[in-house]
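These notes concern the structure reproduced below.
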Amino acid sequence: MFKEKLQENFPLADLSTFKIGGNAEFFAQLETKQDIEEAFAWAKEQNKVVTILGGGSNILINDNGVKGLVIKLHNTDLSFEESNIICGASVDVWHLAEQAFDKSLSGIEWSIGIPGSVGGAIRGNAGAHGGSFDKVVETVTVFDAEGFSWKTFTNKESNFTYRTSRFKLEPHFIIWEISLHLKTSEDKSAMKEAMDGYRKYRVESQPKEPSAGCIFKNLFAADVEKQNKELYDKALSEQKVKGNKIGAGYLIESLNLKGFEFGGAKISEKHANFIVNANEASAAEVRVIMKKVKEEVKKNFNIELEEEVQLLGF
């Protein structure tokens, strides 16, 4: 069944929110566990590297494409049992948030508007407005591509930390399904008010042009204080320390880099931690801007920025 879905020289740009990137040497969209097992067996037999493509956000694809087999998972199963949710990895984050709201289940209102799939959000422990998925995940079911077996990890075993998890650090674990536990809310109007506020914030603060979301991870305030006390004090005085973190965008904006362009890529005028595809940008042009930002932040603040975006095919 897998071989019937296999395609060669498949264009990937339109599968990413950045709308950038070349073709996959081989590509397949897979809907079942059997498909996945057959795909990895084929890749091993053909000596092909496997790359997993989720909802397409938070990634930058090489202009020259991706060698080997690119798999796009398609598990959109979603079921509810009281305050527990079983969610396929391919469910859109915004859809999960809306469905939870419909059932008066609270705990992920903050995720409304986050682009991409739940699997990718779990992999990167996505979060916003003080919330994050590690606070609601109970178990994560994965395909172990090295052991060629299916496994289920508890929340503790998933090793969630800020914007990462064991699934990001050990990419041979391919997320297939997630179970979540939320709380039943008796005040749905408060949930709606919160979600409307988060939607409004995203519209007002984030660019409309194609992007991959935030390019760099935000910084722990304690780390900034150690590296650059003057910068920390300035951020504190300007009320830029939120949730014990300082936004990478604050540092970039402080260097007057908003609007900086290279080719078709540009640092957003709206949010300095976004690089946007302003005019048919290439991945190479985006990477030039990423390199410049890291160098300027290091030179001026003695701070090392770490990419949040995942590079595919590099």
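Any read-out appearing in this document is the output of simple, stated calculations on the displayed coordinates, not a laboratory observation. For clarity, every value in this text was computed on a predicted model and none was experimentally measured. No Cβ is skipped: glycine too gets one built from the backbone with ideal geometry, and neighbour counts run over all protein chains shown.
For the reader, a short list of remarks on this structure follows.
- Filter result (of a type outside the set (A, V, I, L, M), part of a loop (DSSP other than H, G, I, E, B) and either out of contact with any Phe, Trp or Tyr (no Cβ under 9 Å at 6 or more places or on another chain) or under 20 Å from Glu230 (Cβ atoms) (or both)) within region 268-306: Glu269, Lys270, His271, Phe274, Asn279, Glu280, Ser282, Asn302, Glu304
- Region 24-76: number of residues that are in a loop (DSSP other than H, G, I, E, B), closer than 30 Å to Gly264 by Cβ and in contact with a helix residue (DSSP H, G or I) (Cβ under 9 Å, 6 or more places away or on another chain): 9
- Considering residues of region 62-101 that are under 14 Å from the mean Cα position of the chain (by Cα) and of a type outside the set (S, T, N, Q) only, the residue nearest to Phe167 (Cα to Cα): Ala89
- Single residue of Asn84, Asn47, Asn64 found to be surrounded by fewer than 16 Cβ atoms within 10 Å (Cβ to Cβ) and either within 20 Å of Glu307 (Cβ to Cβ) or of a type in the set (Phe, Trp, Tyr) (or both): Asn64
- Among (1) in a loop (DSSP other than H, G, I, E, B); (2) over 14 Å from Val91 (Cβ atoms); (3) out of contact with any His (no Cβ under 9 Å at 6 or more places or on another chain), the one test that Phe153 misses: (1)
- Checking each residue of region 208-228 against the condition of being without any contact (Cβ under 8 Å) to a residue 40 or more places away in the chain and over 30 Å from Lys299 (Cβ atoms) gives at least one match.
- Residue satisfying condition, being assigned to a helix (DSSP H, G or I), out of contact with any Gly (no Cβ under 7 Å at 6 or more places or on another chain) and under 20 Å from Lys33 (Cα atoms), within set Ile178, Ile174, Ile122: Ile122
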